[in-house]
Amino acid sequence: QKEVEQNSGPLSVPEGAIASLNCTYSDRGSQSFFWYRQYSGKSPELIMSIYSNGDKEDGRFTAQLNKASQYVSLLIRDSQPSDSATYLCAVPKAGNMLTFGGGTRLMVKP
Amino acid sequence: GAVVSQHPSWVICKSGTSVKIECRSLDFQATTMFWYRQFPKQSLMLMATSNEGSKATYEQGVEKDKFLINHASLTLSTLTVTSAHPEDSSFYICSALGLAGGGDTQYFGPGTRLTVL
């Protein structure tokens, strides 16, 4: 089992819809979780961090964490074509090194 | 806040030459920085962890003598690709560990695209 798993996609949603991105992790002791967005040819950009069970909202983005089920998700409301990118779920391990999921490619169609 | 810069953004060099890439945290101090490499359509691959004032820790399979890392200050880490060859052509990205949230947030630089002819 991979340490951090994501569906590679592509996930295709129409403009204005809600995009739901999911991530599962194997280390039950993980305490912090990050979502990064990476446009093609660019470096990752931090979108959200979440540390506690439940929801955390920031603008059109909502991160959801369920430690008991070991999953973290990212919801993007009112999806825009500019949201089309690869979304990386990341979980720190010893030494603050990040373990990344393989990324989910999101395509928002006008 | 939490801005990380890299220089150069792209570089083209001849085979056998050395290339230095700088990574700077502009508005915060970073005792730890990380260097990644990413090939087209592949995931980020961690190369090494750079700690200020000490030797870098390299991931398995990464040649420390080929990829020299120096973290001489709290805001600057450098990666030198020595005797570069075409297979070293890649997108090199650094990140710096910032003190947001639990103190374990990595902020990424914009990356350096290296092409070795």
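Computed from the coordinates by the stated procedures, all read-outs in this text should not be read as laboratory data. Given the structure is predicted, the values throughout are model-derived calculations rather than measurements. Positions of Cβ are backbone-derived with ideal geometry, glycine not excepted, and every protein chain shown enters the neighbour counts.
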### Query
Near the amide H of A:GLY9, under 5 Å away, which other amide H atoms are found, from residues 5 or more places off or on another chain, if H is placed in the peptide plane?
A:ARG105
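Sort B:THR112, A:THR24, B:THR80 so the one with the fewest other Cβ atoms within 10 Å of its own Cβ comes first. Mind dumping the intermediate values first?
Details: B:THR112 24, A:THR24 19, B:THR80 15.
Fewest to most other Cβ atoms nearby, the residues stand as B:THR80, A:THR24, B:THR112.
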### Summary
Going residue by residue through the range A:46-58, the Karplus relation 6.51 cos²θ - 1.76 cosθ + 1.60 with θ = phi - 60° gives ³J(HN,Hα) values, rounded to whole Hz and with x marking Gly or Pro, of 5, 9, 8, 10, 8, 10, 10, 4, x, 10, 9, 10, 8
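Using a simple charge model, +1 on the beta-carbon of Lys and Arg, -1 on the beta-carbon of Asp and Glu, nothing else, what dipole does the range A:14-68 show about its Cα centre, in debye to the nearest 20? Each step should come with its number before you reach the end.
Numbers: 6 positive and 6 negative charges, 28 e Å.
Using Cβ point charges on Lys, Arg, Asp and Glu, the range A:14-68 gives about 140 debye.
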### Query
Within chain A, what is the number of lysine pairs with alpha carbons under 28 Å apart, leaving out pairs fewer than eight places apart on the same chain?
11
### Task
Just rank B:ASP104, B:ASP27, fewest to most, by other beta-carbon atoms within 10 angstrom.
B:ASP27, B:ASP104
### Summary
Long-range amide H partners of A:GLY102, meaning residues 5 or more apart or on another chain whose placed amide H is closer than 5 Å, are A:GLN6
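Could you line up A:LYS67, B:LYS64 from fewest to most neighbouring Cβ atoms inside 10 Å?
Details: A:LYS67 16, B:LYS64 13.
Least crowded to most crowded, the residues run B:LYS64, A:LYS67.
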### Query
Structure shown: which of B:LYS14/B:LYS55; B:LYS20/B:LYS55; B:LYS14/B:LYS66; B:LYS41/B:LYS66 lie over 21 Å apart, alpha-carbon to alpha-carbon?
B:LYS14/B:LYS55; B:LYS41/B:LYS66
### Query
What is the Cα centroid distance between the range A:1-39 and the range A:76-91, reported in whole angstrom?
9 Å
